[in-house]
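The values are calculated or read from the model by the stated rules, or taken from the named source; none is laboratory data. These figures come from a predicted structure and were not determined experimentally. Every residue, glycine among them, receives a Cβ derived from its backbone with ideal geometry; neighbour counts consider all protein chains shown.
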Amino acid sequence: MTNLLSAHFARLWRSAWFWVGSVAMAWIAWRSVEGARTLANYGEPVSILSYALNFVLVLLIALPVFAAVFLNADYYYGVIRNKLTVGQRRGAVYLSDLILVASVGLIYTGVYLGVLLGFGLPQVGAGERFPLLPGWGEVAPKLAASLAVILAIGAMSVLLARLMTHRAVPLAALGLALALIFAARTADQMLLTPAEVPSYDEIVPIMDESGRTVKGYRKDGVDYTLEDCPTEPNPEYMGEPLHAALAFAQNFSPAGQAYQLYSDTVSGPVSALPPPPGVLAGFALGFTAAATGLGLAVFQRKDLK
Amino acid sequence: MAVINLLSANFFSMIRSKRFWLGTFIMAAGGVYMVLDINRMKDMAEFDGLLDSGVFQYAILLFLILPALGSLFINTDYNDGTIRNKLTVGRTRTQVYLSNLITVYAAGVFYTLVYEAVYLLVGFPVLGSLRHPQAALSKLLMMLLLFLALSALFTLLATLITNRSVLLICVFMAFGLILGAQIINAKLEAPEMIEDYGGVTYITTEDGNMTVQYMDKNGNPIDPEDIPRVPNPRYVAEPMRTVLRKVNDIQPGGQLAELLEDGHLEPDGFKTATPYWQLALYAAGLAAAVTAGGLIFFRRKDLK
């Protein structure tokens with residue numbers, strides 16, 4: 001395995017696609033810093049930590065594509081048979097691939113965070129003056145959980161790259177990554193749909209107990225605030241057990257994990273309530289084990305001619 | 001006659017390709033999805049010309065699928081060695097190049113027709129008829145020219161780059177053209193003068209409404225009418241403004257943005273559209289120039 005890893009990393013540093021990915025991660029981080037700096041210049045409340053987890057969604061595209069390009073060369077040039085001929089076991093080949101891809105994920109993460117925090121913290125700050133923005137106490141556990149998510153994405157990437165030998169596998173990886181992001185976003189929106197919605201005839205301005213004018217709901221001539229307005233079942237709510245099944249799928253899939261980490265810390269649509277970072281990491285490790293187990297089982301039997 | 005034989009072989013190969021039918025399925029599914037999505041949104045907001053709003057939403061998808069399919073198709077010739085067979089039996093390099101271009105473009109036209117057929121067939125009963133059919137037709141013709149230019153560009157790349165990396169290069173370049181167009185449009189939208197204030201805060205008025213309070217550079221409240229205006233450092237002045245606008249009018253990603261958004265925003269906040277005849281000229285010109293360049297380079301290329 002040491003020899004396999006040594007060969008992998010020797011090839012990695014000479015891989016143009018690896019360096020293209022690194023530059024892309026740095027560029028994305030730089031654009032985030034520029035965006036945050038523009039907001040800060042206008043006095044808007046902003047924290048560079050709000051962008052700290054954006055990289056996970058980018059890795060969801062970058063890692064499968066990189067794995068497909070890098071590992072497919074083994075099939076294309078017949079190197080995979082050489083590895084087995086010199087005595088390497090299939091399990092060792094597969095696991096060395098996983099370690100390589102996960103390492104690339106960590107390197108890309110380091111590049112992204114290095115640029116983002118290195119340039120962003122001095123220029124924009126961590127939002128200490130804005131208590132409503134995420135601080136280190138909130139972001140640090142999620143960054144730790146993202147390490148497990150990177151491993152899960154790596155496991156998914158290696159599974160695809162090792163099972164599909166055709167040279168079009170990079171396109172398949174890209175298409176799959178985009179489809180998974182789309183599916184995660186759609187699942188998120190579906191999970192956000194409430195089980196009940198306010199039942200009212202019209203929206204009217206009303207006075208609350210403190211004398212302020214607030215949004216009110218009028219039903220059968222009676223005015224209610226949002227809290228005490230009668231409700232009715234939401235026809236768009238999917239109901240159980242579908243809702244629970246979708247929530248599990250969203251938490252178990254690397255795309256769902258990445259999307260929840262990403263959307264919870266940036267302004268925009270509020271994500272469905274994600275599980276705590278530790279639980280999300282547990283799901284990620286579970287997916288890694290399942291995907292790797294499946295990949296090993298199939299790869300052991302795969303015809304490599 | 002020779003080109004017809006090549007085209008016949010190419011079309012036969014394309015029709016038997018699973019990836020081609022996968023692309024067809026994606027376009028058809030996109031048509032159905034668009035109808036369902038518009039139907040869902042019409043309940044949430046006032047919508048005019050419902051069926052019209054989704055007629056060209058396929059274009060971004062096709063902008064990415066066509067380079068992928070085209071580069072894969074052409075790269076297969078190199079991978080399997082069939083390109084040398086074609087030349088050995090007497091086909092000229094020009095014939096091979098042009099037949100590949102026509103095949104890739106034909107796939108793009110086919111995908112367009114699949115999307116439109118599915119979208120309109122499913123959409124008519126659900127969303128009603130087209131409000132502006134003539135406008136839709138002229139935009140469709142413009143789209144077809146745009147995809148001719150795109151096909152020419154990626155035929156050039158796929159023919160000159162024999163490595164299997166060309167598949168990814170073409171797709172990423174397509175992404176880059178779209179992204180580049182968005183970046184250029186955003187730069188050109190920046191106003192010439194901007195308000196120079198220190199920050200904003202939100203206050204609650206006596207009647208309970210939330211309002212924005214502007215602060216000057218010293219942190220003192222200031223009325224919006226009294227905020228000083230200064231030159232915008234991000235404003236793109238001439239001649240770079242004209243250069244960037246022309247780049248976006250010529251490159252396929254910029255043309256796509258122009259067609260999908262019915263123009264581009266100017267610094268004064270008003271939308272302006274580049275005339276279709278200009279876009280058509282640029283698309284046709286780009287297709288011709290790229291094809292001519294491709295033919296020249298392909299004739300000299302070592303195919304061993």
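Take B:PHE124 and decide whether it is in a helix (DSSP H, G or I), farther than 30 Å from B:LYS42 by Cβ and not acidic (Asp, Glu).
no
Applying the set (1) away from chain A (no Cβ under 12 Å); (2) in contact with a Leu (Cβ under 7 Å, 6 or more places away or on another chain) to B:THR159 leaves exactly one unmet item: (2).
Please go through the stretch A:155-169 and give me each residue that is more than 14 Å from chain B (Cβ to nearest Cβ) and either over 17 Å from A:ALA297 (Cα atoms) or hydroxyl-bearing (Ser, Thr, Tyr) (or both), ordered by number.
Residue satisfying the conditions is A:SER157 alone.
Which condition from (1) at pLDDT below 85; (2) touching a Pro at 6+ places or on another chain (Cβ under 7 Å); (3) not in a strand (DSSP E or B) is the one that A:SER210 breaks? Only one criterion in (1) at pLDDT below 85; (2) touching a Pro at 6+ places or on another chain (Cβ under 7 Å); (3) not in a strand (DSSP E or B) is unmet by A:SER210, namely (2).
Considering the stretch A:27-53, the residues that are surrounded by 19 or more Cβ atoms within 10 Å (Cβ to Cβ) and not hydrophobic (A, V, I, L, M, F, W, C) include one that is nearest to A:ALA92 (Cα to Cα), namely A:TYR51.
Can you confirm whether the stretch B:107-118 contains a residue that is closer than 30 Å to B:LEU260 by Cα, more than 14 Å from chain A (Cβ to nearest Cβ) and of a type in the set (S, T, N, Q)?
We begin by selecting, within the stretch B:107-118, every residue closer than 30 Å to B:LEU260 by Cα; these are B:107-118.
When the remaining residues are screened for being more than 14 Å from chain A (Cβ to nearest Cβ), the result is B:107-118.
With the extra rule that they be of a type in the set (S, T, N, Q), the set shrinks to B:112.
Yes, the stretch B:107-118 contains a residue that is closer than 30 Å to B:LEU260 by Cα, more than 14 Å from chain A (Cβ to nearest Cβ) and of a type in the set (S, T, N, Q).
For B:VAL290, indicate whether it is β-branched (Val, Ile, Thr), surrounded by 15 or more Cβ atoms within 10 Å (Cβ to Cβ) and at pLDDT 95 or above.
Working: β-branched (Val, Ile, Thr): yes; surrounded by 15 or more Cβ atoms within 10 Å (Cβ to Cβ): yes; at pLDDT 95 or above: yes.
Considered against the rule, which asks whether it is β-branched (Val, Ile, Thr), surrounded by 15 or more Cβ atoms within 10 Å (Cβ to Cβ) and at pLDDT 95 or above, B:VAL290 comes out as yes.
Which condition number does A:ALA24 fail, the rest of (1) within 11 Å of chain B (Cβ to nearest Cβ); (2) over 21 Å from A:SER146 (Cβ atoms); (3) surrounded by 16 or more Cβ atoms within 10 Å (Cβ to Cβ) being met? Single failed check for A:ALA24: (2). Candidates A:ALA172, A:ALA183, A:ALA179: the one that is exposed (fewer than 14 other Cβ atoms within 10 Å of the Cβ), at pLDDT 90 or above and within 13 Å of another protein chain (Cβ to nearest Cβ) is A:ALA179.
A quick yes/no check of all residues on (1) at pLDDT below 95; (2) assigned by TED's automatic domain parsing to the domain that holds B:ILE74; (3) closer than 18 Å to B:LEU120 by Cβ; (4) not in a helix (DSSP H, G or I):
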{"residue": "B:LEU6", "(1), (2), (3), (4)": "yes, yes, no, no"}
{"residue": "B:ARG19", "(1), (2), (3), (4)": "yes, yes, no, no"}
{"residue": "B:THR24", "(1), (2), (3), (4)": "no, yes, yes, no"}
{"residue": "B:MET27", "(1), (2), (3), (4)": "no, yes, yes, no"}
{"residue": "B:GLY31", "(1), (2), (3), (4)": "no, yes, yes, no"}
{"residue": "B:MET34", "(1), (2), (3), (4)": "yes, yes, yes, no"}
{"residue": "B:ILE38", "(1), (2), (3), (4)": "yes, yes, yes, no"}
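What are the residues in the stretch A:121-146 that are within 26 Å of A:PRO275 (Cβ to Cβ) and either assigned to a helix (DSSP H, G or I) or among the polar types (S, T, N, Q) (or both), if any? Correct list: A:TRP136, A:GLY137, A:GLU138, A:VAL139, A:ALA140, A:PRO141, A:LYS142, A:LEU143, A:ALA144, A:ALA145, A:SER146. Answer yes or no as to whether A:VAL65 is aliphatic (A, V, I, L, M), within 26 Å of A:LEU171 (Cα to Cα) and within 11 Å of chain B (Cβ to nearest Cβ). Yes, satisfied. How many residues are crowded, with 24+ Cβ neighbours inside 10 Å and over 14 Å from A:PHE18 (Cα atoms) when one looks only at the stretch A:54-87? Residues that pass the stated criteria total 3. Taken over the stretch A:25-40, residues that are out of contact with any helix residue (DSSP H, G or I) (no Cβ under 7 Å at 6 or more places or on another chain) and modelled with pLDDT of 90 or more amount to 4.
To keep it simple, each residue is scored yes or no on (1) within 23 Å of B:ARG40 (Cβ to Cβ); (2) at pLDDT below 85; (3) of a type in the set (Val, Ile, Thr).
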| site | (1), (2), (3) |
| --- | --- |
| A:GLY127 | no, yes, no |
| A:GLY135 | no, yes, no |
| A:ILE150 | no, no, yes |
| A:LEU159 | no, no, no |
| A:MET164 | no, no, no |
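Taken together, the criteria place A:SER47 among residues that are farther than 25 Å from A:ILE153 by Cβ, of a type in the set (Ser, Thr, Tyr) and assigned by TED's automatic domain parsing to the domain that holds A:VAL23.
Considering only residues in the stretch A:33-73 that are small (Gly, Ala, Ser) and not in a loop (DSSP other than H, G, I, E, B), the one that is nearest to the chain's Cα centre (by Cα) turns out to be A:ALA62.
With respect to the stated conditions, B:LEU101 is at pLDDT 95 or above and surrounded by 20 or more Cβ atoms within 10 Å (Cβ to Cβ). With a requirement of 2 or more residues that are more than 12 Å from chain A (Cβ to nearest Cβ) and not hydroxyl-bearing (Ser, Thr, Tyr), the strands (runs of 3 or more DSSP E) lying completely within the stretch B:163-281 that satisfy it span B:229-231.
Looking only at residues that are surrounded by 13 or more Cβ atoms within 10 Å (Cβ to Cβ) and not aliphatic (A, V, I, L, M) in the stretch B:202-230, which one is farthest from the chain's Cα centre (by Cα)? Step by step, filter the stretch B:202-230, then rank; the result is B:GLY208.
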